[in-house]
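Student: Got a structure here, written out as structure tokens. Questions coming.
Coordinate-derived values only; no laboratory data. Since the model is a prediction, treat every value here as computed from it, not as a measurement. With ideal geometry, Cβ positions are generated from the backbone for all residues, glycine too; neighbour counts draw on all protein chains shown.
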Amino acid sequence: MFKIKEEKRVVKVYFPPFKHLAKNEQINYMKVEGDSRYPKLYEVGRNYIVLDFIEGKTFFQCLQEGVPILPEHVKQVDDALHSARERGLNPSDIHLHNLIITKHGDVCIIDIARFSQSKQCEQWNDLKSGYYKHYHKAYFPSKLPKWLMNVVAALYRTRKGTSIHT
């Protein structure tokens, strides 16, 4: 993904073996059009799409830097995913790098190419469960090292047999 200089837009380029994902993602973004919890789609090419640049921090960065993730943020993700389902999508590949808290405190979901796959993805439910069980406990650190989150993600993928990210 590349930010377009002097514009609040990004170009997401797909390598040749994955250019079909550009079409998938285009269709998915068209289905969530008008929902402010997803970036706006501006342009589509054979192997690229142009989207809003979402300024903020990913949930991954928040955990790494000690920026609080509030229950309201979790609810906003749930609401956005519910909205996507109502529009005929099947949210999948929801991980810490795809969830952004904007500078205004709103949540935005990016990278929705896999929202049209048929298999059920429990990753968000697993993340949410971990959030409610551990995040607000006294033993939970204020900051998590990047290496630790990557190890947890690798163990999760091994356990689930998936190729999903953190």
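Student: Please go through the range 1-11 and pick out each residue that is touching a residue at least 12 places away in the same chain (Cβ under 8 Å) and exposed (fewer than 14 other Cβ atoms within 10 Å of the Cβ).
Tutor: So in the range 1-11, the residues touching a residue at least 12 places away in the same chain (Cβ under 8 Å) come out as 1, 3-4, 7-11.
Correct list: Met1, Lys3, Ile4, Glu7, Lys8.
Student: Answer yes or no as to whether Leu51 is assigned to a loop (DSSP other than H, G, I, E, B), in contact with a strand residue (DSSP E or B) (Cβ under 9 Å, 6 or more places away or on another chain), closer than 30 Å to Pro16 by Cα and of a type outside the set (Lys, Arg).
Tutor: No; evaluated as a whole, the condition is false for this residue.
Student: Go through the range 88-103 residue by residue and tally those that are in contact with a strand residue (DSSP E or B) (Cβ under 9 Å, 6 or more places away or on another chain) and among the hydroxyl-bearing types (Ser, Thr, Tyr).
Tutor: 1
Student: If you don't mind, another one. Read through the list (1) closer than 30 Å to Gly130 by Cβ; (2) surrounded by 15 or more Cβ atoms within 10 Å (Cβ to Cβ), then give the number of the only condition that Glu72 fails.
Tutor: (2)
Student: A further question on this structure: Taking the range 64-87 only, how many residues are of a type outside the set (A, V, I, L, M, F, W, C) and in contact with a strand residue (DSSP E or B) (Cβ under 6 Å, 6 or more places away or on another chain)?
Tutor: The qualifying residues number 2.
Student: Here's something else I'd like to know. What is the residue count in the range 12-34 for residues that are within 18 Å of Arg85 (Cα to Cα) and either surrounded by 18 or more Cβ atoms within 10 Å (Cβ to Cβ) or of a type outside the set (A, V, I, L, M, F, W, C) (or both)?
Tutor: Residues flagged as within 18 Å of Arg85 (Cα to Cα) and either surrounded by 18 or more Cβ atoms within 10 Å (Cβ to Cβ) or of a type outside the set (A, V, I, L, M, F, W, C) (or both) within the range 12-34 amount to 9.
Student: Within the range 35-47, how many residues turn out to be surrounded by fewer than 16 Cβ atoms within 10 Å (Cβ to Cβ) and not in a loop (DSSP other than H, G, I, E, B)?
Tutor: 2
Conditions (1) buried (at least 18 other Cβ atoms within 10 Å of the Cβ); (2) touching a Ser or Thr at 6+ places or on another chain (Cβ under 6 Å), marked per residue:
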{"residue": "Ile94", "(1), (2)": "yes, no"}
{"residue": "Asn98", "(1), (2)": "yes, no"}
{"residue": "His104", "(1), (2)": "no, no"}
{"residue": "Ile112", "(1), (2)": "yes, no"}
{"residue": "Gln117", "(1), (2)": "no, yes"}
{"residue": "Trp124", "(1), (2)": "yes, no"}
